[in-house]
Amino acid sequence: GISVVKVKMISFAIGAFIAGLGGALLSYQQGSITFQSFSALAGLSVLTTTYMAGITSVFGGLLAGIMMEGGVMFTAIDRNIEIGRWFGIVTSFGVIMTVLKNPEGIVGPAHAFFERRRLAKLAEIDAASTDQIDRRRSDDIRVVPPPGDPLLVVRDLSVSYGGVVAVSDVDLTVHEGQIVGLIGPNGAGKTTFMDAVSGFTASSGAVVLGGRELSGLAPHRRVAVGLGRTFQGIDLYEDLSVAENIAVGQQVSGERLAEAEASLDRIIELLDLSRVRERGVAEVSQGERQLVSIARALAGRPRLLMLDEPAAGLDTNESLWLADRLHDIRSTGVTILLIDHDMSLVLSLCDEIHVLDFGSVIASGTPSEIRNNPLVTQAYLGTSQAEEVES
Ligand code: ATP
């Protein structure tokens, strides 16, 4: 939901501002500024020192400032042992060692130390609170709302990659308040369909969400209209925490800070992620990672949430747990379009299912209609095996 162009422009502007500030300070230090102060070799020296200090964190940047030729540390050492002439050689050697032995730079081990302490503290809190966790059960009685007005209307949607027709003239309608399944064998075109609806791949045909034509809009504009999605690869920001990953999705909703914090709390509670809220996403289970990616999509306040294989990598228990969470999401008024290979999940969860094969819809109906449809069995098993099963 974030405009890539806008974010890159802002990043370049911030980078240029900091560089400009550095240039202004240098001019005070040097008295006069000529292009010789900014030679390529001087630039390399800055780069090597920064890399040695640690380029992936703010503290690395600060440390680099202190270590840099002309910086506080350099000056203090230079006064005692006149390192000046040898500084280039020392840093060159240092950068080689950093690349080989410690790519995170000098601040890396310090970060690792603090991270270990933070995790140990979290583990203590977990141990104390495990008894109090109240997992909602999958046998709750659910009230399935009747389908509302059409929310997503797709007409004649086609996508070709060179000679491969991945999606061919697909018509599909998702009604408000429903959980709709999209299934089909590997390579049937399910992900491509989702990519086309969300604007990640070029397509022909019409895609209308809540009465608004989406064709031709960039992905972040479609998100603003009310479309949320997750990705098959989950694609989380690995160096951010669970809460921070979800907060990225809030950039879209334009909420004020207090409002945003309240809705972040609500989403975390809805998806039962409170226990791992402050954990790095790299440390949580596969099921929790799937939920974080769903939570991030929900943070953009979608009317339609499209999930691409949310049960991938989950065992049966985790799948049941996921189904509970998806029911909870639907009960907040969000419509869901779900792609998954876990048939028991799709058949138990969905109100309506569409089956894709070779880019075309070959069957649509309720779970029991789909279960008994010979075309679907044939698509999944191939002709001869399907006949065997029937006989
Ligand atoms: P799976 O269940 O394995 O994820 P799928 O139903 O999501 O499969 P798609 O990934 O949509 O299927 O692929 C549909 C067809 O389009 C396949 O034949 C695939 O090889 C092809 N395809 C998908 N993406 C591309 C691409 N970027 N370039 C070329 N061909 C592609």
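What follows is calculated from the coordinates using simple rules that are stated; it is not laboratory data. All of these numbers come straight from a predicted model, not from anything done at the bench. In this analysis, Cβ positions are derived from the backbone assuming ideal geometry, glycine residues included, and neighbour counts consider all displayed protein chains.
Could the peptides 365-378, 176-189 be put in order, highest first, of the mean number of other beta-carbon atoms found within 10 Å of their residues?
Result, highest mean first: 176-189, 365-378.
Using C-alpha positions alone, give me the convex hull volume of the chain per residue in cubic angstrom.
Cα convex hull per residue, to the nearest whole number: 215 Å³.
Considering the zone a paramagnetic label at Ser92 would reach in this model (a point 7 Å from Cα along the Cα-to-Cβ line), which residues of region 36-56 have amide N under 19 Å from it?
So the set is 39-53.
How charged is the neighbourhood of Val167? Take every other residue with its Cβ under 15 Å from the Cβ of Val167, and add Lys/Arg as +1 and Asp/Glu as -1.
-4
Calculate how many DSSP beta bridges within the chain are antiparallel, expressed in % of all such bridges and rounded to the nearest 5.
55
So for each of 112-125, 81-94 I average, over its residues, the number of other beta carbons within 10 Å; can you give me the resulting order with the highest mean first?
Working: 112-125: 11.2, 81-94: 13.6.
In descending order of packing, they fall as 81-94, 112-125.
Mind checking the full-extension length gain between Thr75 and Ala13? Use 0.36 nm per residue of separation minus the Cα-Cα distance, one decimal, nm.
19.2 nm
Counting only the backbone N, which residues of region 39-79 are under 14 Å from the spot 7 Å out from the Cα of Leu26 toward its beta-carbon?
Zone members listed by number: 39-50, 65, 68-71.
Could you work out the pair-distance distribution P(r) of region 146-189 from its alpha-carbon pairs, with 10 angstrom bin width and percents rounded to whole numbers?
24, 44, 26, 6, 0
Work out, step by step, the length gained on full extension between Arg212 and Asp149: first 0.36 nm times the residue separation, then minus their alpha carbon distance; give nm to one decimal.
Values: separation 63, 0.36 × 63 = 22.68 nm, distance 1.38 nm.
Full-extension gain reported as 21.3 nm.
Take the Cα of Asn186, step 7 Å along the line toward its Cβ, and report every residue of region 217-245 whose backbone nitrogen sits under 19 Å from that point.
Under 19 Å, as judged by backbone N against the label point of Asn186, lie 232-234 of region 217-245.
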